[in-house]
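The values are calculated or read from the model by the stated rules, or taken from the named source; none is laboratory data. It should be emphasised that the depicted structure is a prediction, and the values quoted were computed from it without experimental measurement. In this analysis, Cβ positions are derived from the backbone assuming ideal geometry, glycine residues included, and neighbour counts consider all displayed protein chains. Ligands, DNA and RNA are excluded from the accessible area calculation, which covers all protein heavy atoms including side chains. Shrake-Rupley method; radii C 1.70, N 1.55, O 1.52, S 1.80 Å.
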Amino acid sequence: MKKILARPYDFQLELASCALVVIDMQRDFIESGGFGEALGNDVSILQEIVPTVEKLLSLWRELSGLVIHTREVHLPDLSNCPPAKIRRGNLSTKIGDPGPMGRLLIAGEYGSEIIEPLLPLKDEVVIDKPGKGAFYNTDLGKILNEKGITQLIIVGVTTEVCVQTTMREANDRGFDCLLIEDATASYFPEFKKSTIDMIVAQGGIVGWSTPLSNLLQGLIN
Ligand code: TIU
């Protein structure tokens with residue numbers, strides 16, 4: 001058991017039962033010309049966390065920890081995308097429409113792929129999810145249960161949307177979740193801060209949060 005300094009109190013990490021979940025580090029959210037930009041966002045703020053996520057990913061691989069990647073994507077015929085999700089935002093370019101990186105948030109398109117520095121290895125799990133949460137309409141819960149995972153280290157984008165939704169879904173399913181604060185980002189810095197504050201409030205009602213430095217320190221002790 002490794003003691004990780006965190007908010008609201010120490011996180012007791014058990015490597016064998018802990019998975020790293022890297023959420024939606026896709027071109028569509030992080031690069032220009034994707035879904036994030038179609039929503040009206042400045043995507044550059046998300047690029048700042050890439051080196052931190054990369055550092056944690058390579059460390060987790062060295063430790064032979066379980067790595068799960070997620071992608072928010074839909075089938076090419078959009079059969080797993082609710083019409084309300086497509087309509088939302090009244091956007092000129094919406095989910096499924098062509099853009100400079102291919103059709104937005106559609107499986108197999110260039111924009112839907114995970115960015116180069118964080119590409120999954122062949123034996124790593126990649127969960128394609130049609131919702132914001134990684135448990136809804138996916139095999140994630142089953143996979144984690146089969147592998148005896150009870151704790152999740154969570155990183156990725158965006159903090160208040162897919163990261164928070166996934167963390168809440170995981171919390172309700174009995175997982176202890178630790179968010180790595182400098183390895184998650186929002187298009188809105190104030191939403192990132194508020195999300196972290198909400199997660200750790202009330203004795204960690206949703207989970208724990210800490211910077212990568214505290215995780216690294218705890219792992220070597
Ligand atoms: N992955 C994820 O967070 N999907 C989003 O749509 N995020 C936004 O912040 N829009």
| Built amide H within the under 5 Å cut-off of Leu179, gap 5+ | Ile154, Trp208, Ser209, Thr210
| field | Cα centre as origin, Lys/Arg/Asp/Glu Cβ charges: the chain dipole, Debye | value | 400 debye
| field | Where the chain is the region considered: accessible area per residue in Å², 1.4 Å probe | value | 45 Å²
| request: Tabulate in residue order the Karplus-calculated ³J(HN,Hα) for segment 114-119, using 6.51 cos²θ - 1.76 cosθ + 1.60 with θ = phi - 60°, rounded to whole Hz; enter x for Gly and Pro. | output: 5, 5, 3, x, 10, 4
| message | In whole Hz and in residue order, list the ³J(HN,Hα) couplings for segment 51-60 that follow from phi through the Karplus curve 6.51 cos²θ - 1.76 cosθ + 1.60, θ = phi - 60°; x for Gly and Pro. | response | x, 5, 5, 4, 4, 5, 4, 5, 5, 5
| note | Scalar couplings 3J(HN,Hα) for segment 12-24 by Karplus 6.51 cos²θ - 1.76 cosθ + 1.60 (θ = phi - 60°), nearest whole Hz, x for Gly and Pro, are 8, 8, 10, 3, 5, 10, 10, 10, 8, 10, 9, 9, 6
| note | If each part is reduced to its alpha-carbon centroid, segment 137-172 and segment 17-66 end up apart, in Å, by 15 Å
| note | In degrees, nearest 10, the alpha-carbon axis of helix 189-204 is tilted away from the dominant principal axis of the alpha carbons of the chain by 40 degrees
| field | Value at 222 nm in deg cm²/dmol, rounded to 500, when DSSP H runs of n ≥ 4 in the chain each add -39,500 (n - 2.57) | value | -8500 deg cm²/dmol
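For segment 140-221, take N as its residue count and report Rg(C-alpha) divided by 2.2 N^0.38 Å.
For segment 140-221, the normalised Cα radius of gyration is 1.08.
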| request: Give me the accessible area of Tyr9, 1.4 Å probe, in Å² rounded to the nearest 10. | output: 120 Å²
| task | Would you list, by chain and number, the lysines whose Cα falls below 30 Å from the Cα of Lys193, excluding same-chain residues fewer than 8 positions away? | result | Lys2, Lys3, Lys55, Lys85, Lys94, Lys129, Lys132
| Based on the mean of other beta carbon atoms within 10 Å per residue, what is the order of 130-140, 195-205, 15-25, most packed first? | 15-25, 130-140, 195-205
| message | Counting only other residues whose beta carbon sits under 13 Å from that of Val53, what net charge do I get with K and R as +1, D and E as -1? | response | -4
| request: Could you rank Lys129, Lys142, Lys192 by how accessible they are, 1.4 Å probe, largest area first? | output: Lys142, Lys192, Lys129
